[in-house]
Amino acid sequence: MSEIDIEKYFERKNEMLNFVKNNKEIYNDISAEELELAIELDLGLVLPVYKTPSRLSQIFSKFEIYNNGKDYYLELVKLLEKYSFLEGNVCEIAAGRYPRLAELTAPKIKMNGGNLTIYEPNIILSQLDNITIIKDEFTKNSNIDKFDTLYALKPCEATITMVERAFEEDKNLMIAFCGCDNSTKKYPKWDVGKYWADSFCMEFKDRYNDETEIINWPSSTGIDTPIMIRQNSKTKVKK
Ligand SMILES: C[S@@+](CC[C@H](N)C(=O)[O-])C[C@H]1O[C@@H](n2cnc3c(N)ncnc32)[C@H](O)[C@@H]1O
């Protein structure tokens, strides 16, 4: 099955282009031009879903042009709900230029009486309903005392820090790895990166055996990078 609903895509193509054009100033770098060109040339129709640049996928998801089961933002929300991770104080790391995942999780977290904070140095929005935005990098010194849960979708350079901190500071964790080799940012490569993520997961499984769960994406997405989950001691006792 095709990843994108072609009819919806062409119906909404101009709206997507206008969205990028209207936000060109705040995209604030070459990414807006690239995005515009990618939409004009319909590149999204030929790229596999998880290899589409995130800033394009964010817009495709926002304009709801993915076929059923193909929008991985929606699929990750379902997984977060399944693990009851959209409750309490929640932090999303590396939320993206257009923070599509946070846009989907924030109303659910609010409905459950919780709060959402996001870290993203390149975010194009300065305000979003029910979200505290930290326009900065997540580092080993970021204060996470108040958070119950850290989650992320393809957090690239923040990957290792966030996983280590979740284990060391007893946080719930859900991280969907990207396809980059994050051990060095010099030569991040797709496909090779998947093996890096797999071996990183195995290393944590060895170190923290029964605290670490590694799952796959739903098969509908066609994504083969792993998802790592950890439940904090409070959540584990509750179950
Ligand atoms: C591949 S994109 C994924 C964005 C978003 N999660 C998504 O899937 O749409 C990686 C993002 O990580 C952000 N990033 C990189 N290092 C970071 C750090 N230390 N803290 C927070 N965000 C970071 C980048 O700015 C970029 O937006």
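The table for this structure:
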| quantity | calculated |
| --- | --- |
| Residue among THR117, THR149 that is of a type in the set (Val, Ile, Thr), closer than 30 Å to MET202 by Cβ, in contact (Cβ under 8 Å) with a residue 24 or more places away in the chain and more than 10 Å from the ligand (Cβ to nearest atom) | THR149 |
| Test: ALA95 is assigned to a loop (DSSP other than H, G, I, E, B), crowded, with 19+ Cβ neighbours inside 10 Å and within 14 Å of the ligand (Cβ to nearest atom) | yes |
| Evaluation of LEU104 against (1) among the aliphatic types (A, V, I, L, M); (2) more than 16 Å from the chain's Cα centre (by Cα); (3) within 13 Å of the ligand (Cβ to nearest atom) (one fails), failing number | (2) |
| Residue match in the stretch 106-129 (condition: touching a helix residue (DSSP H, G or I) at 6+ places or on another chain (Cβ under 8 Å), in a helix (DSSP H, G or I) and either among the hydrophobic types (A, V, I, L, M, F, W, C) or at pLDDT 95 or above (or both)) | yes |
| Enumeration of residues in the stretch 38-61 that are of a type in the set (A, V, I, L, M, F, W, C), more than 24 Å from LYS194 (Cβ to Cβ) and either within 11 Å of the ligand (Cβ to nearest atom) or in a helix (DSSP H, G or I) (or both) | ILE39, ILE59 |
| Criterion violated by ALA166 - all others in (1) within 16 Å of the ligand (Cβ to nearest atom); (2) part of a loop (DSSP other than H, G, I, E, B) satisfied | (2) |
| Residue within the stretch 62-78 that is assigned by TED's automatic domain parsing to the domain that holds SER233, away from the ligand (no atom under 14 Å from the Cβ), closer than 24 Å to GLU164 by Cα and free of Cβ contacts under 8 Å to residues at least 60 places away in the same chain present | no |
| Subset of the stretch 130-146 (residues that are crowded, with 17+ Cβ neighbours inside 10 Å, near the ligand (Cβ under 7 Å from one of its atoms) and farther than 21 Å from VAL77 by Cβ) | none |
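Each row is one residue, and each column tells you yes or no for (1) in a strand (DSSP E or B); (2) of a type in the set (Gly, Ala, Ser).
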position: THR139; (1), (2): no, no
position: SER142; (1), (2): no, yes
position: ALA152; (1), (2): yes, yes
position: GLU157; (1), (2): no, no
position: THR161; (1), (2): no, no
position: TRP196; (1), (2): no, no
position: PHE200; (1), (2): no, no
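The values are calculated or read from the model by the stated rules, or taken from the named source; none is laboratory data. Keep in mind that this is a model prediction, so the values were computed, not measured. Here Cβ is always computed from backbone atoms with ideal geometry, including for glycine, and neighbour counts include all displayed protein chains.
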